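Trainee: Encoded as structure tokens, here's the structure I'll be asking about.
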Amino acid sequence: MKQAVIREILCVDANRQLHINVPADMGDEFEVIVLPICANAANELSEEDQFMLAAYSAVTESSSEEDAVWEKYVRN
């Protein structure tokens with residue numbers, strides 16, 4: 001299985017669905033993160049920063065123990 005990140009800017013079709021073509025060597029199961037594009041949000045992060053965030057999110061596993069450690073820092 002090829003370890004990679006696909007980053008595309010897509011538009012929904014008439015049925016409000018997104019369609020992604022995935023290379024066969026990437027496997028059959030994926031985690032998908034959908035981020036809406038709006039004028040303000042697009043200007044906050046550079047394209048490189050957006051890519052790095054997507055790459056980091058793709059390889060960082062969720063951990064309830066680590067979430068508990070950081071909880072006091074990320075409360076709204």
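The values are calculated or read from the model by the stated rules, or taken from the named source; none is laboratory data. The structure presented is a predicted model; accordingly, all values stated were derived computationally and were not measured. Because the Cβ atoms are built from the backbone with ideal geometry, glycine has one as well, and the counts that use them run over all protein chains shown. Surface accessibility is based on the protein's heavy atoms, side chains included, excluding ligands, DNA and RNA. Shrake-Rupley method; radii C 1.70, N 1.55, O 1.52, S 1.80 Å.
Trainee: Report the charge-dipole magnitude of the chain in Debye, nearest 20, computed about the Cα centre from +1 at each Lys and Arg Cβ and -1 at each Asp and Glu Cβ.
Mentor: Values: 5 positive and 15 negative charges, 51 e Å.
That gives the chain a dipole magnitude of about 240 debye.
Trainee: Another question, if that's okay. How large is the helix-only mean residue ellipticity at 222 nm for the chain, computed as the sum of -39500 (n - 2.57) over DSSP H runs with n ≥ 4, divided by its residue count, in deg cm²/dmol to the nearest 500?
Mentor: Mean residue ellipticity, 222 nm, calculated: -11500 deg cm²/dmol.
Trainee: For an R0 of 25 angstrom, estimate the FRET efficiency from the Cβ-Cβ distance between Arg7 and Asp28 and round to the nearest 0.05. The partial results should precede the final answer.
Mentor: Numbers: r = 20 Å, r/R0 = 0.79.
Efficiency, rounded to the nearest 0.05: 0.80.
Trainee: What whole-number value in Å² describes the accessible area per residue of the chain for a 1.4 Å probe? Before the final figure, lay out each step's value.
Mentor: Values: 7450 Å² over 76 residues.
Accessible area per residue: 98 Å².
Trainee: Quick check on the chain: take the gyration tensor over C-alpha atoms, sort the square-rooted eigenvalues as a ≥ b ≥ c, and tell me if it's rounded (a/c under 1.5), prolate or oblate. Let's see the in-between values first.
Mentor: Working: a/c = 1.90, a/b = 1.26, b/c = 1.51.
Verdict is oblate for the chain.
Trainee: Computing the accessible area with a 1.4 Å probe over protein heavy atoms, can you report the carbon and sulfur percentage for the chain? The partial results should precede the final answer.
Mentor: Details: 3840 of 7450 Å².
Solvent-exposed carbon and sulfur of the chain make up 52 percent of the total.
Trainee: Using 1/(1 + (r/R0)^6) with R0 = 25 angstrom and r between the beta carbons of Glu44 and Trp70, what's the FRET efficiency to the nearest 0.05?
Mentor: Values: r = 22 Å, r/R0 = 0.86.
The calculated FRET efficiency here is 0.70.
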